[in-house]
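Structure first, then comments.
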Amino acid sequence: MNRILIMGPPGAGKGTQAVEIAAHFGIPAVSTGAIFRSNVEDGTALGDAARRYMDAGEYVPDEVTNAMLRDRLGRRDCAGGFLLDGYPRTLAQVAELDEILAGADACLDAVVSLRVDAEELIARLVRRAQIENRADDTEDVVRRRQQVYAEETAPLLAEYAARGLHVTVDGSGTVHKVSARVLEALGVRT
Ligand code: AMP
């Protein structure tokens, strides 16, 4: 298991689980959201290109996101595998990832999606807004991000299910409980 995607709506706990699961397999967790946020903080050209979309809860355009991801996966630490958190999010990104993997003669091992009920998602995001002070955790933007996920990203699950790669995991409960469920779904005995 060394090329894994983790998916799920905003607030499902992808980022936290990505770090846990990547550490288990000894691969880097690559979070497109975290890369965008650090570029915004550093005031880079990429950050400037991404910021207004992020603040509005919209997706950063595919051309920008795909170029950034291609560059990141081309670095040496990703040669032996990676866990992607927050990418792909559109069908165009699925196609880009397929092309990157084909170019490296590699393929995906699994796509895990975390399922958390809607009420719990909103409660988590409101809590996170207080702790992290993220510009995209205001109520309107949180709602927009859920809507964009449902419209643009949820359909990707069917695509990966058709490829026999998709597993759904219950994302409720403690970090430890959820990561144990994810590892079990990936066939690891804990
Ligand atoms: P996240 O931390 O994964 O929730 O991402 C935060 C924000 O970064 C998203 O709401 C998008 O604006 C942007 N973003 C992250 N990953 C992607 C992606 N794969 N495609 C487009 N936008 C993205």
Practice task
Give me the percent of the accessible area of the chain that comes from carbon and sulfur atoms, probe 1.4 Å, all protein chains in place.
Solution key: 50
Practice task
Per DSSP H run of n ≥ 4, the term is -39500 (n - 2.57); total these for the chain, divide by its residue number, and report the mean residue ellipticity at 222 nm rounded to 500 deg cm²/dmol.
Solution key: -17000 deg cm²/dmol
Handout entry: Zone of residue 131's modelled label, taken as backbone nitrogen in region 166-190 under 14 Å from a point 7 Å along Cα→Cβ
Key = 173-176
Completion exercise
For the chain, the helices passing both cut-offs (Cα extent along own axis of 27 Å or more, Kyte-Doolittle mean at least 1.0, full DSSP H runs) are none
Problem - Compactness of region 63-163, expressed as Rg and Dmax over alpha-carbon positions, Å - result: 15.7, 44
Completion exercise
Any trypsin sites (Lys or Arg not before Pro) in region 4-94 that lie in a DSSP loop and have at most 15 other Cβ atoms within 10 Å would be 75
Handout entry: Rg ratio (alpha-carbon, reference 2.2 N^0.38 Å) - region 108-190
Key = 1.25
Completion exercise
Working note, region 30-99: Cα radius of gyration (Å, one decimal) and Dmax (Å, whole number) are 11.8, 35
Fill in the blank from the handout: Using the Cα gyration tensor of the chain, the equivalent ellipsoid's semi-axes, largest first and to the nearest Å, work out to 23, 21, 16
Practice task
Grab the other residues whose beta carbon is less than 10 angstrom from that of residue 128, score K and R as +1, D and E as -1, and report the net.
Solution key: +1
Practice task
Between residue 1 and residue 143, take the C-beta separation as r, use R0 = 35 Å, and let me know the FRET efficiency to the nearest 0.05.
Solution key: 0.50
Problem - Built amide H within the under 5 Å cut-off of residue 31, gap 5+ - result: 85
Completion exercise
For region 64-103, Rg(Cα) over 2.2 N^0.38 Å is 1.07
Exercise for the section: State in Å² the accessible area per residue of region 78-190; use a 1.4 Å probe, count heavy atoms of protein chains only, and round to the nearest integer. Expected result: 53
Problem - Solution diffusion estimate, µm²/s, Stokes-Einstein, region 83-142, Kirkwood Rh from C-alpha pairs, 25 °C, viscosity 0.890 mPa s - result: 173
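The values are calculated or read from the model by the stated rules, or taken from the named source; none is laboratory data. Keep in mind that what you see is a predicted model, and the values were worked out from it rather than measured. Cβ coordinates were reconstructed from backbone atoms using ideal geometry, including for glycine residues, and neighbour counts include every protein chain displayed. All accessible areas refer to the heavy atoms of the entire protein, side chains included, with ligands and DNA or RNA removed. Shrake-Rupley method; radii C 1.70, N 1.55, O 1.52, S 1.80 Å.
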